[in-house]
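The values are calculated or read from the model by the stated rules, or taken from the named source; none is laboratory data. Note that the structure is a prediction, hence the values are computed from the model and not measured. When we count neighbours, we look across all protein chains shown, and the Cβ atoms used for this are built from the backbone with ideal geometry, even at glycine. Just the protein is used for accessible areas: all its heavy atoms, side chains included, with ligands, DNA and RNA removed. Shrake-Rupley method; radii C 1.70, N 1.55, O 1.52, S 1.80 Å.
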Amino acid sequence: MKHLSRACNRSFVLFAIPLVLSLPCFAGSNAAEPTAPSAPPKPLHVYRSLIPLGSEIFAYSHHGEHETFYIMASTSNREFDGQGLYADGQRRVLKLANGNPVEHYPRELHFRVSVSERGGYAPIDPPMPVDSHYSTFGEFISSLKFEMRVFHALKARLVKPTRVTQIGMPVDVPSNERIYDVAFDLGEVPISDRLVMHVLTAEGDRLAKFNVDLY
């Protein structure tokens, strides 16, 4: 009987060894699984080719003619399309669609500047009074000028527009609304510089300013 028992034990061991070896090693399998990649950060904002810059309100008064009017501006270039604003700690970073950082502004920027009366509307902020030598409001808004200031650290340079075009209503047709297309050739300007576009009266006085703040 002892010989029979030993024979049975040897048979069980021989059977159990290949069975154990054939079992999957769960611990090793779990350790070998790769860590899931973290999701890429989402942009705070994605720009399109047209970027609104806001508006300012004014009050024109001359020889009994009174008008409350707005100046609204936007800037455009196809290079803006798809650029994203990202948070990097306390900093803000502007990146291209492929993830590379934006290094320069587009060489040429177009500004659409709309000047229009807004009768019967009560603004939240009081309008800024405007002095002009022109006899009518229509003449005043048809004679505006433009310039740009490029700020690099504590230095600033002046850029004149390469082209100013009035679009919409023909210039020789009296109107209480004018729309300008203003083009500037900036050259190579780092994205860290600051751009400010000024709207001037015909006499050269600053009327409104619009910052090109991308981040």
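I'd like the full set of residues that are surrounded by fewer than 17 Cβ atoms within 10 Å (Cβ to Cβ) and either in contact with a helix residue (DSSP H, G or I) (Cβ under 9 Å, 6 or more places away or on another chain) or free of Cβ contacts under 8 Å to residues at least 12 places away in the same chain (or both), limited to the stretch 62-80.
Within the stretch 62-80, G64, E65, H66 meet the criteria.
Conditions first: (1) under 30 Å from S135 (Cα atoms); (2) modelled with pLDDT of 95 or more. L85 passes all but one, so which condition is the exception?
If we test L85 against (1) under 30 Å from S135 (Cα atoms); (2) modelled with pLDDT of 95 or more, just (1) comes out false.
Can you say whether D181 is closer than 20 Å to S74 by Cβ, surrounded by 11 or more Cβ atoms within 10 Å (Cβ to Cβ) and among the acidic types (D, E), as far as the supplied structure shows?
In short, yes.
Does F146 satisfy the criteria of being surrounded by 16 or more Cβ atoms within 10 Å (Cβ to Cβ) and at negative phi?
Yes; evaluated as a whole, the condition is true for this residue.
Inside the stretch 114-215, counting only strands (runs of 3 or more DSSP E) that do not spill past its ends, which hold 3 or more residues that are at pLDDT 95 or above?
So the answer is 145-152, 155-159, 163-167, 177-185, 194-200, 206-212.
The rows are residues; the columns are (1) more than 25 Å from the chain's Cα centre (by Cα); (2) open to solvent by 70 Å² or more (accessible area, probe 1.4 Å).
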position: V130; (1), (2): yes, no
position: E139; (1), (2): yes, yes
position: V150; (1), (2): no, no
position: T162; (1), (2): no, yes
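I want to confirm something. Restricting to the stretch 62-99 and keeping residues that are outside any loop (DSSP other than H, G, I, E, B) and among the aliphatic types (A, V, I, L, M), which single residue is farthest from the chain's Cα centre (by Cα)?
The qualifying residue farthest from the chain's Cα centre (by Cα) is I71.
Of all residues in the stretch 87-101, which are within 13 Å of L214 (Cα to Cα) and open to solvent by less than 50 Å² (accessible area, probe 1.4 Å)?
Answer for the stretch 87-101, where residues must be within 13 Å of L214 (Cα to Cα) and open to solvent by less than 50 Å² (accessible area, probe 1.4 Å): V93, L94.
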